[in-house]
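Structure record follows, encoded as structure tokens.
Each value in this text was obtained by applying a stated rule to the coordinates, not by laboratory testing. All values reported here derive from a predicted model rather than from experimental measurement. All Cβ positions, glycine included, derive from the backbone under ideal geometry; neighbour counts span all protein chains shown.
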Amino acid sequence: MALYAIGDTHLSLSGNKPMDIFGGAWQGYVDKLRIGFESIREDDTVVLCGDISWGMSLVESKEDFSFLNALPGKKIIIKGNHDYWWTTKSKMDRFFAEQGFSKLQILHNNCYTYENIALCGTRGWFYEEDAKIADQKVFNREISRLETSLKSAENKEKLCFLHYPPYYQGYQCKPIIDLLEQYDVKACYYGHLHGGSQRLAIQGKLGNVAYRLVAADYINFKPTKICD
Ligand SMILES: [Fe+2]
């Protein structure tokens, strides 16, 4: 039994947005994902850090979920900025149950437990959205979602999974970082950064939290092992 994380699978199996057109690391990425999951066992847990599918609705994303469900291990899903299919947790849970996607679970205002470790998280916030004043509401909602998730972990050791990086060269999202420190989170895994922006990722221990980028194209589409 082991715990892993990977972000940004960006699947489009029944759609028209396959990432292969970007070339480079994305060439043949669906096969790379399949190969990357070969070392995962059925009793392992993999947290998917957002940007799961390009589908605009649960139905449009169905084939992508089917692909992920068929890969070994339990998958815990958080939202990315491109997950337009995202809806209420009850609707997503019901859809997964109806489709028999028993290995997919949604992390949203809650936490899951891996052994004695709490897996917390939410989408997070990035400077790309800072300019939009109207988004202040979304920002506040994200902060409160993260806190709800961290609170639900009670006294357990905590790991946090975000889509957006809390630190990036020239940027830090202080309200999120403060919550991670306040709730004594040991490590934080995030995605979102692709291509050249990965050079500006900030990783390693800052304060009391260890940060790590797990965007799929950064880790060659093989989930990063967190612990056994
Ligand atoms: Fe992405």
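Counted residue by residue at 0.36 nm each, then reduced by the alpha carbon distance between them, the extension gain from residue 197 to residue 35 reaches 55.8 nm.
Using the structure shown, list the pairs from 32/89; 17/75; 32/156 with a Cα-Cα distance above 25 Å, or answer none.
Details: 32/89 29 Å; 17/75 23 Å; 32/156 34 Å.
Beyond 25 Å between Cα atoms: 32/89; 32/156.
Between residue 93 and residue 227, the distance separating the two model label sites (each 7 Å from Cα on the Cα→Cβ line) works out to 2.6 nm. For the pair residue 135 and residue 60, what calculated FRET efficiency results from E = 1/(1 + (r/R0)^6), where r is the Cβ-Cβ distance and R0 = 30 Å, to the nearest 0.05? The pair residue 60/residue 135 has a calculated efficiency of 0.75. According to the calculation over all Cα-Cα pairs in the range 125-228, the P(r) per 10 Å bin from zero is 14, 46, 34, 6, 0 %.
What percentage of all Cα-Cα pairs in the range 85-130 are separated by more than 14 Å? Please report the intermediate quantities before stating the final value.
Working: 643 of 1035 pairs.
Cα-Cα pairs in the range 85-130 separated by more than 14 Å: 62 percent.
Its Cα gyration tensor gives the range 183-228 an equivalent ellipsoid; the semi-axes, largest first and in whole Å, are 20, 14, 7. Relative contact order of the range 3-227: 23 percent, from C-alpha pairs under 8 Å at least 6 residues apart in sequence.
Each of the peptides 49-60, 135-146 was scored by the mean count of other Cβ atoms within 10 Å over its residues; in descending order, highest first, they stand as 49-60, 135-146. Helical content alone sets the calculated 222 nm signal of the chain at -7000 deg cm²/dmol, taking -39,500 (n - 2.57) per DSSP H segment of four or more residues and averaging over every residue. Each Lys and Arg adds +1 at its Cβ and each Asp and Glu adds -1 at its Cβ; summed about the Cα centre, the chain shows a dipole of about 180 debye. Based on the reciprocal of the average 1/r between different C-alpha atoms, the Kirkwood radius for the chain equals 17.5 Å. Dimensions of the range 52-126 based on its C-alpha atoms, expressed as ranges along the principal axes with the largest first, amount to 35, 31, 21 Å. DSSP bridge analysis restricted to the chain gives an antiparallel fraction near 30%, rounded to the nearest 5.
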